[in-house]
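The values are calculated or read from the model by the stated rules, or taken from the named source; none is laboratory data. Predicted model, so just to flag it, every value in this text is computed and none were measured. Every residue, glycine among them, receives a Cβ derived from its backbone with ideal geometry; neighbour counts consider all protein chains shown. Protein only, heavy atoms only, side chains kept; ligands, DNA and RNA dropped before computing areas. Shrake-Rupley method; radii C 1.70, N 1.55, O 1.52, S 1.80 Å.
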Amino acid sequence: MAFIKVIRESEAEGKLEPLYKRMGANGDDSLDNILKIHSLSPDSLKGHWELYKGVMFGDSSLSRAQREMIAVVSSSINQCDYWVKHHGAGLRRETQDESLPDRLISNYKESGIGVSNIEMLVYTEKLTLKSNSIKNSDIENLRAVGFTDRNILDINQVVAYFAYVNRVASGLGVELEK
């Protein structure tokens, strides 16, 4: 389990109880562990939930499949098994392509996802590994394959979210639900 105490759904009270319910908890510990890891800080949980819903499910110029691709590649680079598995499953659901997550992890440039998606993942990789090395030319490369400034903002936000959440999962020993 996690490296710190986690309050189970059946034990939630105070500010935590309505948050758990809002997130779909029904008292049987079915809520994702990555959310329950925040149980000692309901404000942190609320902020994480809002950010996740906005970045991954909110109004975006990116498709759900593209957001899942970014999640898989950035989480793989960060060696965060929790999110690789979690969003690998999401990518399979979105694309009906069982091998796509494995192809992205092994070599996204040869995965057959198209030039614009490859360029999106080149940016993802660079931002994940060396955020301070991003230059205007990286943005121009995205524009050259058809991404608008809104697309680029959305790509950046998904990558940045996974930089945060990968560290939450790895740094606190969050395990994937069974």
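Suppose R0 equals 22 Å. What FRET efficiency, 1/(1 + (r/R0)^6) with r the Cβ-Cβ distance, do Y164 and D97 give to the nearest 0.05?
Once rounded, the FRET efficiency stands at 0.20.
For n ≥ 4 DSSP H runs only, could you compute -39500 (n - 2.57) per run for the chain, divide by its residues and tell me the 222 nm figure to the nearest 500? Please list the in-between numbers first.
Working: 9 runs with 106 residues, N = 178.
Helix-only estimate at 222 nm: -18500 deg cm²/dmol.
Would you list Y164, Y123 from the most to the least accessible area, probe 1.4 Å?
Y164, Y123
With θ set to phi - 60° and the Karplus curve 6.51 cos²θ - 1.76 cosθ + 1.60, what are the ³J(HN,Hα) couplings of the range 112-117 in order, to the nearest whole Hz, using x for Gly and Pro?
Per residue, the Karplus-derived 3J(HN,Hα) values read x, 9, x, 4, 5, 5 Hz.
Separation between the K109 and D28 pseudo-spin-labels, each 7 Å from Cα along Cα→Cβ, expressed in nm?
Distance between the two pseudo-spin positions: 4.7 nm.
What is the dipole size for the chain, taken about its Cα centre, with +1 at each Lys and Arg Cβ and -1 at each Asp and Glu Cβ, in debye to the nearest 20? Write down the numbers at each step before the final one.
Values: 22 positive and 25 negative charges, 57 e Å.
Dipole of the chain, to the nearest 20 debye: 280 debye.
Using the Cα atoms of the range 59-112, I'd like the radius of gyration and the largest Cα-Cα distance, Dmax, both in angstrom.
10.3, 30
Regarding the range 89-160, what's the average projected area of the Cα-atom convex hull, expressed in nm²? It would help to have the intermediate numbers written out before the result.
Numbers: hull surface 20.2 nm².
Reported value for the Cα convex hull: 5.0 nm².
Output the 0 to 90 degree angle, nearest 10, between the alpha-carbon long axis of helix 64-77 and the longest principal axis computed from the alpha carbons of the chain.
Compared with the principal axis, the helix lies near 80 degrees.
Given the options N136, N78, N151, which has the most mean-square fluctuation in a GNM of the chain, springs set between C-alpha atoms less than 10 angstrom apart?
N136
How many percent of all Cα-Cα pairs in the chain sit more than 31 Å apart? Before the final figure, lay out the partial values.
Values: 2983 of 15753 pairs.
More than 31 Å apart: 19 percent of the Cα pairs in the chain.
Please give the solvent-accessible surface of H86 in Å², to the nearest 10, using a probe radius of 1.4 Å with every protein chain present.
Surface open to solvent at H86 totals about 40 Å².
For the range 13-105, state the semi-axes of the equivalent ellipsoid (square roots of 5 times the eigenvalues of the alpha-carbon gyration tensor), sorted largest first and rounded to whole angstrom. Walk me through the numbers before you get to the answer.
On the way: eigenvalues 146, 39, 31 Å².
Taking √(5λ) for each eigenvalue gives 27, 14, 12 Å, largest first.
In whole Hz and in residue order, list the ³J(HN,Hα) couplings for the range 161-178 that follow from phi through the Karplus curve 6.51 cos²θ - 1.76 cosθ + 1.60, θ = phi - 60°; x for Gly and Pro.
4, 6, 4, 5, 6, 4, 6, 5, 5, 5, x, 10, x, 6, 9, 5, 4, 8
Can you give the accessible area of S30, probe radius 1.4 Å, in Å² rounded to 10?
Result for S30: roughly 60 Å² accessible.
Report in % the part of the accessible area of the range 93-178 that belongs to carbon and sulfur, leaving out ligands and nucleic acids; probe 1.4 Å.
C and S atoms contribute 50 percent here.
Please identify, among D154, D28, D138, the residue showing maximal mean-square fluctuation in a Gaussian network model of the chain using a 10 angstrom Cα cutoff.
Comparing D154, D28, D138 in a Gaussian network model of the chain, the most mobile one is D28.
How big is the dipole moment of the range 1-76 about its Cα centre under a simple scheme where the beta carbon of each Lys and Arg is +1, that of each Asp and Glu is -1, and everything else is neutral? Debye, nearest 20, please.
Working: 10 positive and 11 negative charges, 34 e Å.
Approximately 160 debye in magnitude.
Pick from G14, G24, G90 the residue whose mean-square fluctuation is largest in a GNM of the chain, springs joining Cα atoms under 10 Å.
Sorting by GNM fluctuation, first place goes to G14.
For the chain, what is the accessible area per residue in Å² when the probe is 1.4 Å?
51
Using 0.36 nm per residue of separation minus the Cα-Cα distance, give me the extension gain between R8 and L51 in nm, one decimal.
Residue separation times 0.36 nm, minus the Cα-Cα distance, leaves 13.3 nm.
Quote the accessible area belonging to K130 in square angstrom, nearest 10, computed with a 1.4 Å probe and with ligands, DNA and RNA left uncounted.
120
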